[in-house]
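Single-structure report; data block below.
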Amino acid sequence: MTEQSPLPPTQSPSGAPAGCPAHAGAVPLSGLQYQQTPSQLYRSLRRDHGPVAPVLLDGDIPAWLVLGYSEVSYVTSHDELFARDSRRWNQWEHIPEDWPLLPFVGYQPSVLFTEGAEHQRRAGVITHALEQVDQFELARDCGLIADRLISGFAGSGQAELMDAFAHPLAMIAAVQMCGMPHSGTDTQDLVDDLKISLDAAEGDDPVAAYVRVGERIQKLVKEKRERPGADVTSRMIQDPAGLTDEEIVQDLISVIAAAQQPTANWICNTLRLLLTDERFALNVSGGRLSVGEALNEVLWLDTPTQNFIGRWAVRDTQLGGRQIRAGDCLVLGLAAANTDPQIWPESHVGAENAAHLSFSNGEHRCPYPAPLLADVIARTAVETLLDRLPDIVLSVEPAQLTWRPSIWMRGLTSLPVGFTPVVQ
């Protein structure tokens, strides 16, 4: 896949990059505390820095982490001040070619980096393609996928739900919507590479993985031009907006990536809540609070996308009492904003309230109806599992569950469970 060259960085007279956020007190977005108990870090950052904190990304690259609910809402609602085209960044001269966050910020001709009328055109194609996904058919398909996966481990009386259920279910649902076969080497390689590019483990090469993702999607687009079907890819190809193959490839990557890993983590984070919180665990299959309420509470407290990079300041401006320079990078702290004490002064998050920022906000939010489709996938997965295995329980103590070491995605390393074996 072709990556356009970034705009040349500006220099200050001293030779330091212009617009560089203050280094004094900057906090690295890494470390065990952030990985396992990010809410504590958010509280300390708010205490020490307010709603906008100076942070250091991989390689000590400076940025701002926007922690406040009002501030995240403001940034995402003012594209004229905080835009998506990463070529504005004043740090490009400091970014190595193998920088692990390059798949997130390296400019691509994707809907993610477009602005204004071009973004409306590209997002409109995605919206029109997703609007034609029948939610009842999607729920039926997800139920069938869930049944097949559950049947694969139901007789053993135990399972690890991340690898055996949540991730494959979200993957199969996403690729089927886009017209790919739900199994096969190509499909599995795509999912593996998406996981690496979104949430690389030590030793992984996220940049190379992202290139391979693009190559596989390019092959899919070529196949659908020759043999269109009733799928998202074919609808994007046939849309009157007339996107090029390169544009469709880039935008499909965004669609599949958003539908796969975040949805899988949403499923497992919800199952964790259901199996560890006594409000649900008293009667998990028909308890005091519904699966829908659990799904929504997870979006507030353990949202799958913790942080999103990012926005780039169009000009010098003020935000949360900070002087933001033109070209500065802002990381959207979605998880921090969702638990902002300014909106939950008594630290009580109401599961009935759906005003969270888990799907972002403004023109660049997750395009409608993608959140509804993700909800269908996640809800069907959880309800089918609980219906098939009503006595399911954790196989370990809740405190033994650990989170993946990522500042971007919020997901468990594993979710081991036990249940009464079901004879097939």
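Of all the criteria given as (1) touching a strand residue (DSSP E or B) at 6+ places or on another chain (Cβ under 9 Å); (2) in contact (Cβ under 8 Å) with a residue 60 or more places away in the chain, the one not satisfied by Gln318 is (2). Taken as a whole, the condition of being of a type outside the set (Ser, Thr, Tyr), modelled with pLDDT of 95 or more and in contact with a His (Cβ under 9 Å, 6 or more places away or on another chain) does not apply to Ile248.
Does the range 374-389 contain any residue that is more than 23 Å from Ile172 (Cβ to Cβ), in contact (Cβ under 8 Å) with a residue 60 or more places away in the chain and in a loop (DSSP other than H, G, I, E, B)? If you could, list the steps in order and put the result at the bottom.
Let us first name the residues in the range 374-389 that are more than 23 Å from Ile172 (Cβ to Cβ), namely none.
No - not one qualifying residue is present in the range 374-389.
Would you call Ala313 at pLDDT 95 or above, small (Gly, Ala, Ser) and crowded, with 19+ Cβ neighbours inside 10 Å? Yes: the conditions hold for Ala313.
Looking at the structure I just gave you, is Met177 within 16 Å of Pro262 (Cβ to Cβ), open to solvent by less than 60 Å² (accessible area, probe 1.4 Å) and in contact with a strand residue (DSSP E or B) (Cβ under 8 Å, 6 or more places away or on another chain)? Break it down into steps so the answer makes sense when it comes.
Working: within 16 Å of Pro262 (Cβ to Cβ): yes; open to solvent by less than 60 Å² (accessible area, probe 1.4 Å): yes; in contact with a strand residue (DSSP E or B) (Cβ under 8 Å, 6 or more places away or on another chain): no.
So Met177 fails the test.
Listed by first and then second residue, the pairs linking a residue in the range 199-211 that is under 13 Å from Pro405 (Cα atoms) and of a type outside the set (A, V, I, L, M, F, W, C) to a residue that is open to solvent by less than 50 Å² (accessible area, probe 1.4 Å) and at pLDDT below 85, with Cβ atoms under 6 Å apart and 6 or more places separating them unless they lie on different chains, are Asp199/Ser406.
Restricting attention to the range 85-140, the residues being free of Cβ contacts under 8 Å to residues at least 12 places away in the same chain and assigned to a loop (DSSP other than H, G, I, E, B) number 1.
Of all the residues that make up the range 232-248, how many are touching a residue at least 12 places away in the same chain (Cβ under 8 Å), open to solvent by 10 Å² or more (accessible area, probe 1.4 Å) and not basic (Lys, Arg)?
Of the residues in that region, 6 qualify.
Taking the criterion of being more than 19 Å from the chain's Cα centre (by Cα) and over 24 Å from Gln400 (Cβ atoms), the residues of the range 157-191 that qualify are Gln176, Gly179, Met180, Pro181, His182, Ser183, Gly184, Thr185, Asp186, Thr187, Gln188, Asp189. Selection of the range 152-163 for residues being surrounded by fewer than 18 Cβ atoms within 10 Å (Cβ to Cβ) and free of Cβ contacts under 8 Å to residues at least 24 places away in the same chain yields only Gly152. Screening Pro421, Pro416, Pro367 for residues that are open to solvent by less than 70 Å² (accessible area, probe 1.4 Å) and at pLDDT 90 or above leaves exactly one candidate, Pro416. Name the residue that is farthest from the chain's Cα centre (by Cα), counting only residues in the range 320-342 that are open to solvent by less than 10 Å² (accessible area, probe 1.4 Å), of a type outside the set (Val, Ile, Thr) and farther than 20 Å from His356 by Cα. Per the criteria, the residue is Gly327.
Among the residues of the range 61-114, those identified as polar (S, T, N, Q), more than 16 Å from Val331 (Cα to Cα) and buried (at least 20 other Cβ atoms within 10 Å of the Cβ) are Gln108, Thr114. For Leu301, are the conditions met, namely being aliphatic (A, V, I, L, M), within 29 Å of Cys178 (Cβ to Cβ) and surrounded by 16 or more Cβ atoms within 10 Å (Cβ to Cβ)? For Leu301, the condition - aliphatic (A, V, I, L, M), within 29 Å of Cys178 (Cβ to Cβ) and surrounded by 16 or more Cβ atoms within 10 Å (Cβ to Cβ) - is not met.
Taking the conditions exactly as written (polar (S, T, N, Q) and at pLDDT below 90), does Gln323 satisfy them or not? Here the answer is no, as Gln323 does not meet what is asked. Within the range 370-400, the residues that satisfy the criterion of being open to solvent by 20 Å² or more (accessible area, probe 1.4 Å) and more than 25 Å from Ala258 (Cβ to Cβ) are Asp387, Arg388, Pro390, Asp391, Val393, Leu394, Ser395, Val396, Glu397, Pro398, Ala399, Gln400. A count restricted to the range 363-373 and to residues that are free of Cβ contacts under 8 Å to residues at least 40 places away in the same chain and of a type in the set (A, V, I, L, M, F, W, C) stands at 0.
The values are calculated or read from the model by the stated rules, or taken from the named source; none is laboratory data. Quantities reported herein were computed from a predicted structural model and do not represent experimental measurements. With ideal geometry, Cβ positions are generated from the backbone for all residues, glycine too; neighbour counts draw on all protein chains shown. These area figures cover heavy atoms from the full protein model, side chains too; ligands, DNA and RNA do not enter into them. Shrake-Rupley method; radii C 1.70, N 1.55, O 1.52, S 1.80 Å.
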